[in-house]
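Below: one structure, written as structure tokens.
The values are calculated or read from the model by the stated rules, or taken from the named source; none is laboratory data. On a predicted model such as this, the values are computed, not experimentally measured, just so you know. No Cβ is skipped: glycine too gets one built from the backbone with ideal geometry, and neighbour counts run over all protein chains shown. For accessibility, only protein heavy atoms count, side chains too; no ligands or nucleic acids. Shrake-Rupley method; radii C 1.70, N 1.55, O 1.52, S 1.80 Å.
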Amino acid sequence: MGLFFEPYQADRCCLCGSSESLSGEHKVKVSALRKIFGKNAMVIGSFGGAGSLRSAQGPKSRAFHFSARMCASCNGSHTQSPDHEFDRFHISISEMLSQGKAPELIFSLPEYEVGSAPYLDVFRYFAKLLCCQVAESRGPRPLELSEFAVGKTDRNLVFLNIDADPTYENLLNSFGEHQFAGHGGLTVCADSKSSLPTSFRSSLSLGAVRYNFWVQYDAAVQAELQHFHHDFWGKCEAAYREAIIAPLSGDDRRRLGI
Ligand SMILES: [Zn+2]
């Protein structure tokens with residue numbers, strides 16, 4: 001067993017490693033989709049570039065599930081409190097933005113005091129999504145991050161930045177107010193000199209609001225990735241080489257929140 005990661009296993013829970021009662025977590029919460037889209041028809045696709053759109057049956061559609069697995073305990077009791085806290089947090093953030101307030105001010109409010117249970121639950125929710133995104137890319141299970149997600153530790157590794165979703169803003173210019181939700185997949189950032197992965201990032205967009213969240217890794221974590229998780233490491237290295245040959249455009253970087 002590694003210090004920082006467990007090897008990727010398709011038939012194991014991406015948070016605790018259990019092989020029992022597995023199902024697929026939603027990429028975007030059903031309740032959030034219902035709130036945004038109501039009973040309206042939905043299409044799924046990549047709106048920032050190429051790719052076709054396909055229709056979704058409704059908020060519970062399997063098309064919205066991660067193929068990465070999660071066990072019943074992790075999908076239920078272990079992450080229920082963070083799930084509910086995120087709903088409250090998003091309502092507060094949406095209100096703040098509609099009043100023209102900076103979203104980061106939320107952490108100066110007494111209810112989200114840094115280190116408090118509600119504060120940690122918000123970050124546990126993003127830790128869960130990040131673990132799912134890593135597993136979706138067949139990456140190794142990040143042990144400390146997943147333990148934080150299920151409440152086994154209070155040491156928060158997750159960074160968060162909240163901004164306006166650029167894809168929503170682009171569509172706003174063409175279509176006006178519209179219903180929109182999305183996720184940013186997994187982005188692995190690498191050091192431009194050493195080529196070593198320095199952070200795992202993802203994002204969640206609900207309407208005009210985008211949550212960018214990430215973890216940063218130091219040399220010890222990088223070494224374990226390099227030496228013990230060759231498949232994933234190889235994928236990261238290949239993507240790094242591609243990005244050196246064809247660097248991301250400014251639009252791509254904004255779309256990825258980097
Ligand atoms: Zn589990």
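Quick notes on this structure:
- Loop-located trypsin sites (Lys or Arg not before Pro) in region 184-258 whose Cβ has at most 16 other Cβ within 10 Å (DSSP): K193
- For A102 and S55, the difference between the fully extended length at 0.36 nm per residue and the C-alpha to C-alpha distance is 13.4 nm.
- Restriction of the GluC sites (Glu not before Pro) in region 76-129 to DSSP coil positions whose beta-carbon has at most 12 other beta-carbons within 10 angstrom yields E113.
- Length-normalised contact order of the chain in % [C-alpha pairs under 8 Å, at least 6 apart]: 20 percent
- Solvent-accessible area, 1.4 Å probe, carbon plus sulfur percent, for the chain: 51 percent
- Prolate/oblate/rounded label for the chain (Cα gyration tensor, a/c 1.5): rounded
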